[in-house]
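The values are calculated or read from the model by the stated rules, or taken from the named source; none is laboratory data. What you see is a predicted model, and the numbers here were worked out from it, not measured in a lab. Cβ atoms come from the backbone with ideal geometry, glycine included; neighbour counts cover every protein chain shown. These accessible areas exclude ligands, DNA and RNA; they are computed on the full protein's heavy atoms, side chains included. Shrake-Rupley method; radii C 1.70, N 1.55, O 1.52, S 1.80 Å.
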Amino acid sequence: MHPFRKAVENGDLDAVAALLADDVVFTSPVAFKPYPGKAMTTAILRAVTQVFENFTYVREIANPDGRDHAFVFTASVAGKKLQGCDFLHFDEDGKIDDFTVMVRPLSAAHALSEAMGAQFEKIAREAAEQ
């Protein structure tokens with residue numbers, strides 16, 4: 001099992017943060033512009049753990065060179081079941097420098113957008129404090 005998946009499944013957000021490059025770019029499934037930086041990405045991931053219910057990785061796909069991974073997951077948000085995928089790229093030092101999330105169906109993406117939107121002031125404060 002990949003260290004990222006293990007950290008997420010163990011709820012170890014400090015270990016997840018340790019895997020992020022300082023210049024990581026997080027691309028949300030529901031926001032138009034990407035979010036740059038480790039502090040913002042960590043704050044977003046922390047909020048996601050409070051919004052997602054019954055989060056489970058169901059598949060892990062890796063490029064043979066180990067630099068690209070896809071982690072397919074299921075979860076619920078506000079009673080809506082969703083399917084999603086975390087697409088990660090790792091830099092030369094083994095840190096995540098690109099983190100893109102996609103989710104489906106549209107109704108669940110809307111629920112996720114609303115739930116994360118309600119968390120955004122808290123996310124921004126947390127990112128600024130790091």
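Taking Val58 as the residue in question, decide whether it is part of a strand (DSSP E or B) and open to solvent by 40 Å² or more (accessible area, probe 1.4 Å).
yes
Could you please find all residues in the stretch 86-130 being out of contact with any His (no Cβ under 9 Å at 6 or more places or on another chain) and under 18 Å from Leu19 (Cα atoms)?
Residues satisfying the conditions are Asp91, Glu92, Asp93, Gly94, Lys95, Val101, Ala127, Gln130.
Out of the stretch 20-46, which residues are of a type in the set (A, V, I, L, M), closer than 15 Å to His89 by Cβ and within 12 Å of the chain's Cα centre (by Cα)?
Leu20, Val24, Val25
Just to be sure I understand, how many residues within the stretch 103-120 are surrounded by fewer than 16 Cβ atoms within 10 Å (Cβ to Cβ) and assigned to a helix (DSSP H, G or I)?
Residues flagged as surrounded by fewer than 16 Cβ atoms within 10 Å (Cβ to Cβ) and assigned to a helix (DSSP H, G or I) within the stretch 103-120 amount to 7.
Is it the case that Val16 is touching a Leu at 6+ places or on another chain (Cβ under 7 Å), assigned to a helix (DSSP H, G or I) and not hydroxyl-bearing (Ser, Thr, Tyr)?
yes
Ala75: assigned to a helix (DSSP H, G or I), of a type in the set (A, V, I, L, M), touching a strand residue (DSSP E or B) at 6+ places or on another chain (Cβ under 9 Å) and crowded, with 18+ Cβ neighbours inside 10 Å, yes or no?
no
Just to verify a result, which residue in the stretch 78-102, among those that are within 19 Å of Ser28 (Cβ to Cβ) and charged (D, E, K, R), is most open to solvent (accessible area, probe 1.4 Å)?
Once the filter is applied, the top-ranked residue is Lys80.
Does the stretch 8-22 contain at least one residue that is surrounded by fewer than 18 Cβ atoms within 10 Å (Cβ to Cβ), of a type in the set (Gly, Ala, Ser), modelled with pLDDT under 95 and farther than 17 Å from Leu82 by Cα?
Yes, because at least one residue in the stretch 8-22 is surrounded by fewer than 18 Cβ atoms within 10 Å (Cβ to Cβ), of a type in the set (Gly, Ala, Ser), modelled with pLDDT under 95 and farther than 17 Å from Leu82 by Cα.
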